[in-house]
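In what follows, a single structure is set out as structure tokens and then discussed.
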Amino acid sequence: MDELQSYLFREGNCAYAYQFMGAHPVRGGYAFTVWAPNATAVSVVGDFNGWDHTKNPMENDNGIWSTRIAGIKQYATYKYAICGPNGWTLKADPYAFHAETRPKTASKTFDITKYRWKDKKWMAARASFNPYQSPVSIYELHLGSWKLDEQGRLYTYERMADEMVPYVKQMGYTHVELLPVMEHPFDGSWGYQVTGYFAATSRYGDPAGLMKLIDAFHNAGIGVILDWVPAHFPKDAHGLYHFDGSPCYESSDPLRAENEQWGTCMFDFGRNEVRSFLKSSAVFWLDVFHADGLRVDAVSYMLYHDYGRQEGKWRPNKYGGRENLEAISLIREINEIAYRDFPGILMCAEEATAYPLVTAPTCDGGLGFGFKWNMGWMHDVLDYMEMDPVYRKYHHNKMTFSLFYAFSENYILPFSHDEVVHGKKSMLDKMPGDIWQKFASLRALFGYMFAHPGKKLMFMGAEFGQFIEWKEMDQLDWFLLLYEKHPEMKKYTEDLNRFYTSHKALYEIDNSWDGFTWCNADDQDNSTFSFVRTDKAGNRILAVCNFTPNYWEKYRIGVPKAGVLMEVFNSDSFAYGGSGKGNGDRVIRTDDIPMHGHRYSVEITLPPLSCIYLTLNAYKGAHPRKRKGPRPE
């Protein structure tokens with residue numbers, strides 16, 4: 001560790017600390033470096049020295065301890081024996097690249113530089129990728145419960161590459177998002193309580209295995225987003241908690257350190273060495289593992305000192321406010337570094353408040369994220385869809401309110417894992433009615449989602465109508481594909497993805513009114529919604545959603561342009577398990593009849609519990625039908 005590295009690390013400005021912290025192969029063995037500012041002695045212990053803390057002591061350089069040990073090979077287990085205020089304790093390496101499989105807790109040596117990537121073309125193309133004007137349809141995955149092997153054991157990373165990658169490719173998704181793959185001790189945390197911020201979990205193999213999986217996704221043309229958890233960490237004895245016998249990664253102030261809601265510790269975002277740690281963790285996954293973006297978990301807990309805390313159990317900032325100024329500046333710096341060093345990636349915030357400018361550039365006072373999960377849209381839409389259709393007309397605004405703020409941020413529309421656990425029911429089972437109505441409603445919901453401005457995210461299992469809630473200890477119910485309805489639902493999702501990715505009108509202008517026009521937002525009595533999506537070339541797709549079981553053979557709506565329409569996608573198709581009603585392949589002309597604030601209108605057939613898409617093309621040589629009503633003023 002040279003003087004510049006040491007200086008940047010201590011100043012909180014080192015984003016590549018993993019290049020010298022932790023365990024690294026050197027000629028004849030491994031070099032070890034760890035930060036333990038309050039320790040009086042530190043040693044490396046492991047299977048190579050009988051776990052004897054007297055064998056390999058480390059040298060102290062103002063709180064940064066280091067040593068070299070000859071004869072150590074890859075996969076050697078080790079920990080740091082740290083002498084602090086309360087005596088000796090054993091800790092895993094905060095910068096370890098590999099770890100023992102739970103319930104064991106030791107770190108393992110691993111050379112992360114040996115893997116030979118085969119995604120050169122992907123990485124070169126990614127540098128010029130513009131996600132804002134591109135289709136982004138994300139398949140959210142929990143690696144441990146997507147599928148198990150024949151004996152009920154976890155898949156390896158390599159087997160996932162063989163089976164998961166072709167499946168996601170077939171289904172037409174553009175990206176996957178992996179629930180945290182960083183090492184964590186408790187399966188039930190789903191990876192959101194991390195102990196190894198630089199270690200791919202060993203549940204499925206070694207770090208090279210995860211590299212192979214990501215490489216396989218890239219070679220299939222699919223991007224990989226990783227969940228990343230910088231807000232908090234668990235109190236497991238081998239982890240970061242009181243790392244050197246005293247508060248180190250967490251604040252020494254109990255009103256700043258504790259997250260009582262989760263029983264975890266918040267990082268001390270103002271401590272320079274912790275800032276270097278978190279910056280480096282974010283960069284590590286983008287750099288070493290070629291991740292195409294990070295979904296940053298629990299951003300609200302970082303932004304506010306009082307978020308998730310009871311009154312009187314938090315401390316204001318130096319100005320008396322609730323904002324966590326140190327965390328806000330850290331978030332901005334991480335996003336600046338990520339977009340500077342890795343162009344074309346997606347930095348996504350899971351942020352549940354109305355904090356302003358989450359996706360605005362830092363130079364404009366924003367946080368600098370590329371995208372924000374639209375949690376408000378998700379809650380409103382699911383509240384609406386879980387109602388009996390009879391009552392939906394009284395809550396019509398839940399489906400239209402999102403357009404009041406849809407362009408205030410760059411949004412991702414998420415139906416995530418959090419919505420199908422803890423008694424919330426699966427996406428399919430949320431839908432009211434009999435089994436036919438449940439599937440029809442889910443298809444209609446997905447059709448509405450894919451036409452609504454914003455990128456898309458769907459948790460695994462929803463694509464084929466998983467009927468029970470997600471269980472992290474079991475695989476998805478793939479056997480359902482042997483029964484009726486589920487294969488049709490899977491086919492629908494596949495076709496919907498492909499329609500979305502092949503029609504610019506649905507994705508090219510997601511962030512302004514230039515790409516969206518309401519046709520009729522006010523038909524609450526019939527619980528229908530109609531709007532036009534437009535691309536930069538002026539191509540238009542009319543989306544019409546009917547969230548009642550009623551069938552209208554003649555349904556008239558206003559449209560912003562005269563022209564001809566043709567139905568191009570119908571969630572009620574026989575092929576998807578629907579009733580087969582719709583407009584077929586007939587050409588439909590607009591009428592010169594004003595309606596819904598538009599000069600023209602059109603009469604279509606609207607199936608029950610459905611979403612249909614129609615192209616709307618200007619007349620070429622033809623003329624609109626004769627006007628049958630007064631022209632609006």
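The values are calculated or read from the model by the stated rules, or taken from the named source; none is laboratory data. From a predicted model like this one, the values you see are computed outputs, not experimental measurements. Counting neighbours? That spans all protein chains shown, and the Cβs are built from the backbone with ideal geometry, glycine included. Side chains included, ligands, DNA and RNA excluded: accessible areas come from the protein's heavy atoms. Shrake-Rupley method; radii C 1.70, N 1.55, O 1.52, S 1.80 Å.
Can you find a residue that is closer than 24 Å to His232 by Cβ and in contact with a Pro (Cβ under 9 Å, 6 or more places away or on another chain) anywhere in segment 173-185? Looking through segment 173-185, at least one residue is closer than 24 Å to His232 by Cβ and in contact with a Pro (Cβ under 9 Å, 6 or more places away or on another chain).
Kindly indicate the residue of segment 573-602 that is of a type outside the set (Ser, Thr, Tyr) and in contact with a helix residue (DSSP H, G or I) (Cβ under 7 Å, 6 or more places away or on another chain) and also surrounded by the fewest Cβ atoms within 10 Å (Cβ to Cβ) among those meeting that condition. Even if it seems obvious, please write down each step before you answer.
Initial filter on segment 573-602 (of a type outside the set (Ser, Thr, Tyr)): 574-575, 577-578, 580-589, 591-599, 602.
Narrowing further to those that are in contact with a helix residue (DSSP H, G or I) (Cβ under 7 Å, 6 or more places away or on another chain): 575, 577-578, 580.
Details: Ala575: 11, Gly577: 23, Gly578: 23, Gly580: 13.
That would be Ala575.
Checked against the criteria, Ser530 counts as closer than 25 Å to Met399 by Cα and free of Cβ contacts under 8 Å to residues at least 60 places away in the same chain.
Taking the listed residues Thr517, Thr548, the one that is in a loop (DSSP other than H, G, I, E, B), surrounded by fewer than 21 Cβ atoms within 10 Å (Cβ to Cβ) and not aliphatic (A, V, I, L, M) is Thr548, with no other qualifying.
In the condition set (1) open to solvent by 10 Å² or more (accessible area, probe 1.4 Å); (2) closer than 24 Å to Ala505 by Cα; (3) assigned to a helix (DSSP H, G or I); (4) not aromatic (Phe, Trp, Tyr), Leu442 is compliant with all but (1). Identify the single condition in (1) within 21 Å of the chain's Cα centre (by Cα); (2) open to solvent by less than 50 Å² (accessible area, probe 1.4 Å) that Lys424 does not satisfy, given that it satisfies every other one. Only one criterion in (1) within 21 Å of the chain's Cα centre (by Cα); (2) open to solvent by less than 50 Å² (accessible area, probe 1.4 Å) is unmet by Lys424, namely (2).
Answer yes or no as to whether Ala81 is within 22 Å of Phe233 (Cα to Cα) and aliphatic (A, V, I, L, M). Criteria met by Ala81. Yes or no: Ala23 assigned to a loop (DSSP other than H, G, I, E, B), over 18 Å from Gly84 (Cα atoms) and under 39 Å from the mean Cα position of the chain (by Cα)? Against the criterion (assigned to a loop (DSSP other than H, G, I, E, B), over 18 Å from Gly84 (Cα atoms) and under 39 Å from the mean Cα position of the chain (by Cα)), Ala23 does not qualify.
Regarding Gly558, is this residue on the phi > 0 side of the Ramachandran plot and at pLDDT 95 or above? I'd like the intermediate steps shown before the answer.
Numbers: on the phi > 0 side of the Ramachandran plot: no; at pLDDT 95 or above: yes.
Considered against the rule, which asks whether it is on the phi > 0 side of the Ramachandran plot and at pLDDT 95 or above, Gly558 comes out as no.
Considering only residues that are under 16 Å from Asn526 (Cβ atoms), in a helix (DSSP H, G or I), in contact with a strand residue (DSSP E or B) (Cβ under 9 Å, 6 or more places away or on another chain) and not aliphatic (A, V, I, L, M), which ones fall in segment 387-423?
First pass over segment 387-423, keeping only residues under 16 Å from Asn526 (Cβ atoms): 387-400.
Those still in the list that are in a helix (DSSP H, G or I) too: 389-395, 397-400.
Narrowing the set further to residues that are in contact with a strand residue (DSSP E or B) (Cβ under 9 Å, 6 or more places away or on another chain) leaves 399-400.
Result: Thr400, single match.
Hey, among Arg68, Arg27, Arg10, which residue is surrounded by fewer than 15 Cβ atoms within 10 Å (Cβ to Cβ) and either out of contact with any Pro (no Cβ under 8 Å at 6 or more places or on another chain) or closer than 21 Å to Ala282 by Cα (or both)?
Values: Arg68 fails: surrounded by fewer than 15 Cβ atoms within 10 Å (Cβ to Cβ); Arg10 fails: surrounded by fewer than 15 Cβ atoms within 10 Å (Cβ to Cβ).
Exactly one residue qualifies, and that residue is Arg27.
Close contacts from segment 493-507, counting a first residue that is surrounded by fewer than 18 Cβ atoms within 10 Å (Cβ to Cβ) and a second that is assigned to a helix (DSSP H, G or I) and among the polar types (S, T, N, Q), with Cβ to Cβ under 8 Å and a gap of 6+ residues or different chains, come to Glu494/Gln170. Of Asp47, Asp93, all but one fail to be touching a Ser or Thr at 6+ places or on another chain (Cβ under 6 Å), free of Cβ contacts under 8 Å to residues at least 60 places away in the same chain and not aliphatic (A, V, I, L, M); the exception is Asp47. Cβ separations smaller than 9 Å between residues 6+ apart or across chains give the following pairs from segment 182-195 residues that are touching a residue at least 12 places away in the same chain (Cβ under 8 Å) and open to solvent by less than 30 Å² (accessible area, probe 1.4 Å) to residues that are of a type in the set (Lys, Arg) and in a loop (DSSP other than H, G, I, E, B): Glu183/Arg102; His184/Arg102.
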